[in-house]
Amino acid sequence: MSLKDKGEIFRKIPSVDRLLNGPELTKISSKFPRNLILRAINQVLEEVREDIQKNDVIESPGELKIKEVSKKVVDRLQLLSRPSLKPVINATGVIVHTNLGRSLLTDRVIKRFRPLSEGYSNLEYDLKSGKRGSRYSHVEGILKEITSAEAAMVVNNNAAAVLISLDTLAKGREVIVSRGQLVEIGGSFRIPDVMGKSGAKMVEVGTTNKTHLWDYEEKIGPDTALLLKVHQSNFQIVGFTEEVETSELVALGKKYGIPLMEDLGSGCLVDLSKYGLLKEPTVQEVLANGVDLVTFSGDKLLGGPQAGIILGRKDLVEAIKKNQLSRALRIDKLTLLALEETLTLYRDERAAVNEIPTLEMICQSYDGLDKKAQKLTEMLTGSETENYTLVGIDGHSRIGGGALPLQKLPTRLLCLTPKKMSAQEMEGWLRSYDPPIIARIETDQVLLDMRTIREKELKTVAQALKKLAIA
Ligand SMILES: *Cc1c(COP(=O)(O)O)cnc(C)c1O
């Protein structure tokens, strides 16, 4: 197509004014704010221009007719006026899915949100003295109670917990860390970068696969402020490997009077090996081992809201609380409430495992998952299956969130084999459903993992599958 022809087409694009005053948009203009209508028009026109620019052939010149473009604008308005952040159904089988919001909160938490958010609260107000209080006081007691830590503090997330701890304890000084633990967590949280931001100097010791106690000891000098251990949460080095035991590092720290900090990442408060999972050291065990400071996330294995928890020696935690950074990293009141309520459940381990959705999903039995699959299949009996065949198969779910990377959880999956569309198209169809259903693809099949689909979501999934069958 010649440049002249293209110019001709560009000139056919309707103007903003013509669209705005055309019959299609006049009809609905009272229903939407003017700015939103303009935003929709501009987005659609931009796309029309891009299309012309990209394509040599305009498939149908009719696309440029005012009526067609107006229709696109109306569709876009519907889309733009809906909330951006919305619930989705997680059928991926990854329980602590960072992209899907990590941990689900229990009903108890949700019930407490309303009264706390529609009224004032004692967030930083001491009701006894009538004076200013501390927002941390609401979770300090319960954290100390369930972990036996000497002191506790919470911040916005675990990245912040690591940052403020390093900044407080080691700014301008040296932190010794094993090369095997210089990890990157999803979303580009890298230990060396966080160290850089905190102003601490990183002293790497050992090699990727092996670090010995003497590697640490050799580097201890007058400028050493901290020994750091980072839990290898999202990967494992196997084969010819050696890491220094926590107890040995504790002893080394004691010998030289240097605190040992461990970034636990997930931070589990229940020994999951009791439920048939691989052994992951619990927060309580790490503290009992003598580690001076531990940090972990609130929304990974703990199963609460996004938060970073710092536990350990009183003098260290008090120093962290006084750091000016804490003002920038501070936790919001709704988060505090969710954290307090979630932690309270840990007073009774059985209640925690039954009621905290993250733990409940991890501990779901294969039989329970199979029942869920059967229930869903029964909801579909008698409906059309023009577009796919459906069978139940065995497979594995993952915990996610960088926890227990080697742990495979046996699960039951519904496997959709597409007949007409591709697996990618089918996955995309489910993703654009309302509410979106996020599935995974394996060898040209679309898999729905029963573990992360909630009981109350089964009906919605069944409805979606019925529509997909004839889509
Ligand atoms: C997940 C993780 C972090 C980051 O925690 P966020 O709560 O996501 O900020 C830091 N360190 C380790 C080892 C982790 O696994």
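What follows draws every value from the coordinates through simple rules; no lab data is involved. Bear in mind the structure is a predicted one, so any value in this text is a computation, not a measurement. Reconstructed Cβ throughout: ideal geometry from the backbone, glycine too, with neighbour counts over all protein chains shown.
Computed quantities for the displayed model
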item	result
Cross-link pairs Lys128/Lys333; Lys31/Lys466; Lys6/Lys420; Lys210/Lys314; Lys131/Lys255 - those with Cα-Cα distance over 31 Å	Lys31/Lys466; Lys6/Lys420; Lys210/Lys314; Lys131/Lys255
Per-peptide average of other Cβ atoms within 10 Å, ordering 409-418, 295-304 highest first	295-304, 409-418
The chain - share of DSSP beta bridges that are antiparallel (%, nearest 5)	55 percent
Under Karplus coefficients 6.51, -1.76 and 1.60, residue-wise ³J(HN,Hα) of the range 256-265 in Hz, glycine/proline x	9, x, 10, x, 10, 10, 10, 8, 7, x
Ratio Rg/Rh [Cα only; Rh per Kirkwood] for the chain	1.06
Kirkwood Rh, Cα atoms: Rg over Rh of the range 3-80	0.99
Contact order relative to length of the chain, as percent, for alpha carbon pairs under 8 angstrom and 6 or more apart	18 percent
Dipole magnitude (debye, nearest 20) for the chain, charges at Cβ of Lys, Arg, Asp, Glu	1800 debye
Per residue convex hull volume, Cα atoms of the range 105-355, in Å³	133 Å³
Förster radius 25 Å - calculated FRET efficiency between Ser84 and Ser121 (Cβ-Cβ, nearest 0.05)	0.35
Using alpha-carbon coordinates, inclination of helix 458-469 to the longest axis of the chain, degrees	40 degrees
Cβ-based net charge around Val461, under 12 Å, with every Lys or Arg adding one and every Asp or Glu removing one	+4
Violating pairs (Cα-Cα greater than 24 angstrom) within the set Lys144/Lys300; Lys197/Lys321; Lys86/Lys419	Lys86/Lys419
Karplus-derived 3J(HN,Hα), 6.51/-1.76/1.60, for each residue of the range 388-400, Hz, glycine and proline x	7, 9, 10, 9, x, 9, 8, x, 10, 9, 10, 6, x
Charge context of Tyr388, other residues only, Cβ under 13 angstrom, K/R +1, D/E -1	-1
Calculated [θ] (222 nm, deg cm²/dmol) that DSSP helices of n ≥ 4 give over the chain, each run adding -39,500 (n - 2.57)	-12500 deg cm²/dmol
Degrees, to the nearest 10: 137-147 long Cα axis against longest axis of the chain	70 degrees
Highest to lowest packing among 168-176, 378-386, 324-332, 127-135, scored as the average C-beta count within 10 Å	168-176, 324-332, 378-386, 127-135
Sequence-distant lysines (8 or more away, or on other chains) whose Cα lies within less than 16 Å of Lys67	Lys12, Lys27
Relative packing of peptides 268-281, 30-43, 112-125 - highest average C-beta neighbours within 10 Å first	268-281, 30-43, 112-125
³J(HN,Hα), Karplus 6.51/-1.76/1.60, whole Hz, each residue of the range 150-157, x for Gly, Pro	6, 8, 9, 7, 10, 9, 4, 7
Angle in degrees between helix 34-54 and the longest Cα principal axis of the chain, rounded to the nearest 10	80 degrees
Long-range amide H partners of Gly400 with built H, under 5 Å	Ile95, Val96
